[in-house]
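So the structure is just underneath, and the comments pick up after that.
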Amino acid sequence: MSRALNFDLIAFDWDGTLFDSTAIIVRCIQEAVRDVGGTVPSEREAAYVIGLGLMQALAHAAPDVPRERYPLLGERYRHHYMAQQGRLSLFEGVLPMLHSLHERGHVLTVATGKSRRGLDEALQSVELQGRFQGSRTADETAGKPHPRMLEELMAEFGVAPERTLMVGDTTHDLQMALNAGCASVAVSYGAHEPQGLHALGPRAVVHTVDELQRWLLSHA
């Protein structure tokens, strides 16, 4: 007999949760701020904004950059990111985990601070085709921690908040889940420190993809 599902819909954050991109995003934020003459944020300050929508993140990371320079700031970030994109990859173990969850009948989705264009480019990989039934991005809904991404995904698939699980690496992900009335699981191998993640009451804080897969197969 197969085990009954506790969660019908699982929403994954992208960068730092499924995609090994935290260090490169931090460097790209720092270089973009340097390019426009702002005070370069520390690694910790730059990592904090990962998961937010691009302009929201850059504005937070570079508070001394005038608003009229935000378009240039975003342009410079995209320039640096595109130059590094070929070095990015999924964390080891992500594909087998997604396959196991799909086989068990979960609806798998993505809720990310990336742009729609950026996510679609990432999902063009042959190995990712068909892995996710739905997705939402910050530029087409609202940036985290606003709950609209999760609310729209739940409405699309007819899933109640108590049957929805958010998986992410930042406090923005976990706060979004709380705002939407959903449970969450945090991963500590991404952008934010475990202490901050624990404070938002996730069902678990896991430290590797393998541990995440074991938790999901046992509890989701």
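Read-outs throughout are calculated quantities, based only on the coordinates presented, and are distinct from any laboratory measurement. Fair warning: this is a prediction, and the values are worked out from it, not measured in the lab. Cβ coordinates were reconstructed from backbone atoms using ideal geometry, including for glycine residues, and neighbour counts include every protein chain displayed.
Below 8 Å between Cα atoms, with a sequence gap of 6+, how large is the relative contact order for region 22-87 in percent?
On the way: 69 pairs, mean separation 26.1, N = 66.
Computed value for region 22-87: 40 percent relative contact order.
On a full-extension model of 0.36 nm per residue, what is the gain between residue 128 and residue 100, subtracting their alpha-carbon distance, rounded to one decimal in nm? Please report the intermediate quantities before stating the final value.
Details: separation 28, 0.36 × 28 = 10.08 nm, distance 1.38 nm.
Gain on extension, residue 128 to residue 100, equals 8.7 nm.
Starting from 0.36 nm per residue, how many nanometres of slack lie between residue 198 and residue 40 once their C-alpha separation is accounted for? Mind dumping the intermediate values first?
Working: separation 158, 0.36 × 158 = 56.88 nm, distance 2.85 nm.
Contour length minus the Cα-Cα distance gives 54.0 nm.
Fully extended, how many nm does the chain gain between residue 156 and residue 6 (0.36 nm per residue separation, minus their Cα-Cα distance)? Could you put the intermediate results ahead of the total?
On the way: separation 150, 0.36 × 150 = 54.00 nm, distance 1.89 nm.
Once the chain is fully extended between residue 156 and residue 6, it gains 52.1 nm.
Please compute the contact order of the chain in relative form: average sequence separation of alpha-carbon pairs under 8 Å and at least six residues apart, divided by the residue count, as a percent.
Values: 391 pairs, mean separation 55.3, N = 220.
So the answer I get is 25 percent.
Report, in debye and to the nearest 20, how large the dipole of the chain comes out about its Cα centre when Lys and Arg carry +1 and Asp and Glu carry -1 on their Cβ. Before the final figure, lay out each step's value.
Numbers: 20 positive and 27 negative charges, 19 e Å.
So the dipole magnitude of the chain works out to roughly 100 debye.
Would you please state which residues of region 118-133 a label at residue 82 would reach in this model, taking the label point 7 Å out along Cα→Cβ and a backbone N cut-off of under 20 Å?
Counting backbone N atoms under 20 Å from the label point, the list is 118-125.
Measure nothing fancy, just the Cα-based angle from helix 94-104's long axis to the longest principal axis of the chain, in degrees from 0 to 90, nearest 10.
That helix lies at roughly 30 degrees to the long axis.
Which of 129, 84, 56 moves most in a GNM of the chain, Cα contacts under 10 Å?
Comparing 129, 84, 56 in a Gaussian network model of the chain, the most mobile one is 129.
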